[in-house]
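The values are calculated or read from the model by the stated rules, or taken from the named source; none is laboratory data. Quick caveat, the model's predicted, so the values are computed rather than measured. With ideal geometry, Cβ positions are generated from the backbone for all residues, glycine too; neighbour counts draw on all protein chains shown. Accessible surface areas use protein heavy atoms only, side chains included; no ligands, DNA or RNA. Shrake-Rupley method; radii C 1.70, N 1.55, O 1.52, S 1.80 Å.
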Amino acid sequence: MIQAVAAAFASRGAALLDVDSDADHNRTVITIAGSPEEVIAGAAAGVAAARDRIDLTQHEGAHPRMGATDVVPFVPLGTATEQDAIQAAHAAAERIWNEAQVPTYLYGQAAKRDTRKNLAKVRKGQFEGIRDSTGLDPERMPDFGEAAVHPTAGITAVGARFFLIAFNVNLKTQDLALAKTIATDIRERGGGMPGVKAMGFELAEKSQVQVSMNLVDYRKTSPTEVFDAIKQRAEAAGVEVDGSEVVGLIPAAAAPEGFDQRVQVIDWDPDLVIETRLAKAR
């Protein structure tokens with residue numbers, strides 16, 4: 001199923017750069033790159049493929065979600081600009097509704113409402129909460145689509161943003177409260193590190209817990225800096241770090257030589273650097 005959805009995203013000419021699935025989070029990150037036309041068309045095809053295969057009424061996962069395709073971010077690469085990404089996001093959001101009949105929100109730099117710039121606020125209530133309030137609360141109205149979510153595929157957020165790094169740090173403990181405390185301490189919203197969004201998760205398959213993060217601007221807080229902050233807090237509680245994970249791809253500027261050893265990346269592959277992957281895809 002995952003490969004079929006990934007193939008659909010890349011079916012309009014974009015290069016499929018990466019597919020990263022996490023069983024504990026019950027979530028998959030698919031990365032494609034190409035011209036605006038290729039990526040916009042691929043987004044609509046991919047959302048339709050996910051719609052046909054994922055039923056959110058039967059879906060459970062540790063990570064918050066509101067759509068079978070939860071979020072479609074456009075990130076400018078190469079000579080592309082922020083405005084290019086915004087225009088592509090607007091076009092894709094409309095096309096997803098027209099072709100896949102999945103309603104869409106615009107978020108991040110592509111948001112048309114200030115209240116939708118923050119993805120966490122857009123996703124608040126998740127699929128069930130948004131489903132039950134759309135049509136009743138004007139704030140829940142999609143940017144494209146009717147005043148109702150798709151009954152099984154939910155609603156998809158489409159946006160434009162700077163390169164986000166999904167980065168997780170595992171702890172050698174089952175103490176979920178500790179992971180949540182560290183997450184609260186380091187995330188920007190709680191007065192912690194700039195550009196860091198963090199949550200504590202249980203990794204049932206590994207009998208461990210994890211501090212799961214989105215680093216929304218690695219120029220403000222790098223993976224190395226946040227790894228050190230987590231390690232320091234864990235060790236203060238008598239707990240060791242058990243490696244880190246890069247989910248999806250990472251820019252070369254955020255992964256200098258020796259980075260993988262410095263932050264103890266599990267199953268590091270140099271091809272996770274997006275510039276390397278793009279060069280091979282050409």
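Kindly provide the set of residues from segment 1-45 that are among the acidic types (Asp, Glu) and either open to solvent by 60 Å² or more (accessible area, probe 1.4 Å) or not in a strand (DSSP E or B) (or both), ordered by number.
Asp24, Glu37, Glu38
All but one of (1) assigned to a helix (DSSP H, G or I); (2) more than 19 Å from the chain's Cα centre (by Cα); (3) under 22 Å from Ile186 (Cβ atoms) hold for Val226, so report the exception by its number.
(2)
Within segment 127-147, how many residues turn out to be under 21 Å from Ala43 (Cα atoms) and at pLDDT below 95?
Total satisfying the criteria: 2.
If we scan segment 126-135, do we find a residue that is under 28 Å from Val196 (Cα atoms) and free of Cβ contacts under 8 Å to residues at least 60 places away in the same chain?
Yes, some residue in segment 126-135 is under 28 Å from Val196 (Cα atoms) and free of Cβ contacts under 8 Å to residues at least 60 places away in the same chain.
Restricting the search to segment 136-157, which residues are in contact with a Phe, Trp or Tyr (Cβ under 7 Å, 6 or more places away or on another chain), touching a residue at least 60 places away in the same chain (Cβ under 8 Å) and outside any loop (DSSP other than H, G, I, E, B)?
Gly154, Ala157
Of everything in segment 46-97 that's open to solvent by less than 10 Å² (accessible area, probe 1.4 Å) and either basic (Lys, Arg) or not in a helix (DSSP H, G or I) (or both), which residue is farthest from Ser11 (Cα to Cα)?
Once the filter is applied, the top-ranked residue is Met66.
Which residue pairs have Cβ atoms under 9 Å apart, sit 6 or more places apart or on different chains, and have a first residue in segment 159-185 that is farther than 13 Å from Asn214 by Cβ and open to solvent by 70 Å² or more (accessible area, probe 1.4 Å) and a second that is outside any helix (DSSP H, G or I) and polar (S, T, N, Q)?
Note: pairs meeting the criteria are Lys172/Gln208; Gln174/Ser207; Gln174/Gln208.
Here are the criteria: (1) outside any helix (DSSP H, G or I); (2) open to solvent by 60 Å² or more (accessible area, probe 1.4 Å); (3) over 28 Å from Arg189 (Cβ atoms). Tell me which single one Val102 does not satisfy.
Exception for Val102: condition (2).
When both residues are 6+ apart or on different chains and their Cβ atoms are under 7 Å apart, which pairs have a first residue that lies in segment 252-273 and is assigned to a helix (DSSP H, G or I), and a second that is open to solvent by less than 70 Å² (accessible area, probe 1.4 Å) and of a type in the set (Phe, Trp, Tyr)?
Ala254/Tyr218; Asp260/Trp268
Just name the residue that is nearest to Val19 (Cα to Cα) out of those in segment 233-249 that are in a strand (DSSP E or B) and of a type in the set (A, V, I, L, M, F, W, C).
Val247
Conditions first: (1) open to solvent by 50 Å² or more (accessible area, probe 1.4 Å); (2) closer than 26 Å to Asp175 by Cβ; (3) in contact with a helix residue (DSSP H, G or I) (Cβ under 6 Å, 6 or more places away or on another chain). Pro194 passes all but one, so which condition is the exception?
Going through the list (1) open to solvent by 50 Å² or more (accessible area, probe 1.4 Å); (2) closer than 26 Å to Asp175 by Cβ; (3) in contact with a helix residue (DSSP H, G or I) (Cβ under 6 Å, 6 or more places away or on another chain), Pro194 breaks only (2).
Counting only residues that are without any contact (Cβ under 8 Å) to a residue 60 or more places away in the chain and open to solvent by 10 Å² or more (accessible area, probe 1.4 Å), which one in segment 200-213 is farthest from Asn168 (Cα to Cα)?
Restricting to residues being without any contact (Cβ under 8 Å) to a residue 60 or more places away in the chain and open to solvent by 10 Å² or more (accessible area, probe 1.4 Å), the top hit is Ser207.
Please specify each residue of segment 105-129 satisfying the condition of being over 30 Å from Glu37 (Cβ atoms) and open to solvent by less than 20 Å² (accessible area, probe 1.4 Å).
Of everything in segment 105-129, just one residue is over 30 Å from Glu37 (Cβ atoms) and open to solvent by less than 20 Å² (accessible area, probe 1.4 Å), namely Phe127.
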